[in-house]
Amino acid sequence: MRRTVLQNAHLIDHRGDHGKADLYLRDDVIEGIDLGGEVAQTIDVAGAVVTPAFIDLHAHLREPGQEVKEDLRSGLGAAVAGGYGTVVSMANTTPVVDEPGLVTEMLSKSEALGLARLRPAAALSRGLQGKQLTDFAALREAGAVMITDDGEPVKDAHLLRRACEYAAELGLVVQTHSEEPGLRQDGVMNEGLVSQRLGLPGNPVAAEAAMIYRDCEVAMLSGGRLHVAHVSSKRGLQVVEWFKAQGAPVTAEVTPHHLTLSDETLEGFDPVYKVAPPLRTHDDVAYLRNALIRGVIDAIGTDHAPHTQAEKERDLLEAPFGIANIEVTFPLLYSELVANGGLELSTLLDLLQGGPARVMGWQVPTLEATRAADLVVLDLETGRRVAPETFKSKAKQSPWTGQVLKGWPVMTFVRGKMVFEREVLSD
Ligand code: DOR
């Protein structure tokens, strides 16, 4: 038996603020508060918040095949540095995760690493080609928790319908990348005043809104549980809201970058801001932020999408889409939306803990005895600069470089073990 106590912890979970107490962990679970008795390890966390570790339903960890961008060790290391205890990895790797053997291999590798818990997503179509469904039953049996071609929209509505029907039978969630290909074309940024001024090919909001509409109709038709990834625009989210109001089986995710950055960031032609779907206007950002407060967004997913420095240094037309953000998500959102915005801390935490769990039908994490000791210790006071060179991720670039943020995770525990401790405690 291994006992650890986190002393003087400010305990918060979705049930509320439990004030200051000593939290006892026994082996891989929470034992209780203020118990006393022999412990192997005492950690004083005075001044910090202790709360369940975050759950990310959307991260590109790049293994297998793209280890030059990220691998399970660096990606899951980045995740725990960001306060995440559970991560759903996307399937747009090389090879694509469309075979049960790949799922099994990823799971055994990640378990040996002992960092965040990996919950792989599997591809909806073979090779992400949008033509033939994968074997959902076999993939689920191997441990896949979600079905998605994320990175690519499912062009064929009939294929999506069959996917939703099949997934519904198995109780799996289908996540969509909702961008209508004919409208998106080769757009590299939001279509609007800024793209016109810069002379860059635009990707209109209509591409997102039209595809979300189609995807939600298919969900209603088939009864499939559909999770709309990375909603970036006001119109896109309004479509989701409209379907939700009718009881459609749909949930929605927004990302840290769509909540904090607009298309004006592209004015310097820096590919660090190139992402799909693209950064939209201030109006869209304001709408998404307000939607968090109104409770119409189910979860925040990072869409952590690491690329090499060389790839991100190409010109804007050639560079790949994607922002590596899993290590800054909480401090960014805490600083911009809670400390300097109108969002309650409890709402932000729920969007990173209970929200993702509910989307997946998992137990909502709490600090109650017997629950998994997957925890994050958050320092809400100390301002620290975003320094990508210190990232655990292989992607050492960030749209927020140099920004001073508060809310940094200082320790992360998974299965009762400390898997991350921030080295530099102040700037
Ligand atoms: O910006 C993005 N990057 N959006 C996606 O949907 C895919 C991702 C990637 O895999 O790099």
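The values are calculated or read from the model by the stated rules, or taken from the named source; none is laboratory data. A quick note: this is a predicted structure, and the numbers were derived from the prediction, not measured. Heads up, the Cβs are rebuilt from the backbone with ideal geometry, glycines too, and the neighbour counts pull from every protein chain shown. Side chains are part of the model used for accessible areas, which takes the heavy atoms of the whole protein and leaves out ligands, DNA and RNA. Shrake-Rupley method; radii C 1.70, N 1.55, O 1.52, S 1.80 Å.
Listing for the model above:
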{"quantity": "Selected from Gly416, Gly182, Gly83 as most flexible by GNM, with the chain as the system and alpha-carbon contacts under 10 Å", "calculated": "Gly182"}
{"quantity": "Built amide H within the under 5 Å cut-off of Trp408, gap 5+", "calculated": "Asp379"}
{"quantity": "Semi-axis lengths, Å, segment 257-338, gyration tensor of Cα atoms, sqrt of 5 times eigenvalues", "calculated": "24, 14, 10"}
{"quantity": "Over segment 111-193: Kirkwood hydrodynamic radius from C-alpha pairwise inverse distances, Å", "calculated": "14.1 Å"}
{"quantity": "Alpha-carbon gyration tensor eigenvalues x 5, square-rooted, for segment 342-425, Å", "calculated": "26, 16, 14"}
{"quantity": "Where only alpha carbons of the chain are counted, the Rg and the Dmax (Å)", "calculated": "20.6, 68"}
{"quantity": "On Cα atoms only, tilt of 282-294 relative to the major axis of the chain in degrees", "calculated": "50 degrees"}
{"quantity": "Convex hull of segment 47-206 built on C-alpha atoms - directionally averaged projected area, nm²", "calculated": "12.3 nm²"}
{"quantity": "Pair-distance profile P(r), taking every C-alpha pair of segment 331-386, with 10 angstrom steps and integer %", "calculated": "20, 44, 30, 6"}
{"quantity": "Between 0 and 90°, nearest 10: helix 157-170 axis offset from the chain longest Cα axis", "calculated": "30 degrees"}
{"quantity": "Whole-number Å³ per residue for the convex hull built on Cα positions in segment 223-297", "calculated": "78 Å³"}
{"quantity": "Label-to-label distance, nm, for residues given as Ala157 and Ala40 (7 Å Cα→Cβ offset)", "calculated": "5.8 nm"}
{"quantity": "Carbon/sulfur fraction of accessible area - segment 8-98, other protein chains in place, 1.4 Å, %", "calculated": "46 percent"}
{"quantity": "Sorted largest first, extent of segment 22-113 alpha carbons per principal axis (Å)", "calculated": "51, 25, 19"}
{"quantity": "Highest-fluctuation residue, Ile147, Ile323, Ile293 considered, GNM on the chain with Cα pairs under 10 Å", "calculated": "Ile293"}
{"quantity": "Segment 277-409: equivalent-ellipsoid semi-axes (sqrt of 5 x gyration tensor eigenvalues, Cα, Å)", "calculated": "27, 19, 17"}
{"quantity": "Helical mean residue ellipticity (222 nm; -39500 (n - 2.57) per DSSP H run of 4+; nearest 500) of the chain", "calculated": "-8500 deg cm²/dmol"}
{"quantity": "Share of carbon and sulfur in the accessible heavy-atom surface of segment 119-253 [1.4 Å probe, %]", "calculated": "49 percent"}
{"quantity": "Those residues of segment 283-299 whose amide nitrogen sits under 13 Å from the label point placed on Glu264, 7 Å along Cα→Cβ", "calculated": "283-286"}
{"quantity": "Dipole magnitude (debye, nearest 20) for segment 50-197, charges at Cβ of Lys, Arg, Asp, Glu", "calculated": "180 debye"}
{"quantity": "Overall dimensions of segment 175-288 as given by Cα atoms, namely Rg and Dmax in Å", "calculated": "14.0, 45"}
{"quantity": "Size of electric dipole in segment 183-253: Cβ of Lys, Arg +1 and of Asp, Glu -1, about Cα centre, debye, nearest 20", "calculated": "100 debye"}
{"quantity": "Kirkwood hydrodynamic radius (C-alpha pairs) into Stokes-Einstein, segment 248-291, 10 °C and 1.306 mPa s, D in µm²/s", "calculated": "141 µm²/s"}
{"quantity": "Heavy-atom surface of segment 179-292, accessible at 1.4 Å and reported per residue (Å²)", "calculated": "35 Å²"}
{"quantity": "All-pairs alpha carbon distance profile, segment 388-427, 5 Å steps from 0, percent", "calculated": "6, 17, 23, 27, 17, 7, 3"}
{"quantity": "Rounded tilt (10° steps) of 205-222 against the dominant C-alpha axis of the chain", "calculated": "80 degrees"}
{"quantity": "For segment 264-321 versus segment 137-192, the gap between their alpha-carbon centres in whole angstrom", "calculated": "20 Å"}
{"quantity": "Per residue value of the accessible surface for segment 86-158 (all protein chains in place, 1.4 Å probe), Å²", "calculated": "39 Å²"}
{"quantity": "Selection from Met220, Pro204, Thr176, by position along the positive dipole direction of segment 124-263 (Cβ)", "calculated": "Met220"}
{"quantity": "Label point distance in nm, Thr401-Ala245, each placed 7 Å from Cα along Cα→Cβ", "calculated": "4.4 nm"}
{"quantity": "Where segment 365-427 is the region considered: accessible area per residue in Å², 1.4 Å probe", "calculated": "44 Å²"}
{"quantity": "Separation between Cα centres of segment 383-409 and segment 16-87, rounded to whole Å", "calculated": "19 Å"}
{"quantity": "Taking the C-alpha atoms of segment 1-63, convex hull volume expressed per residue in Å³", "calculated": "130 Å³"}
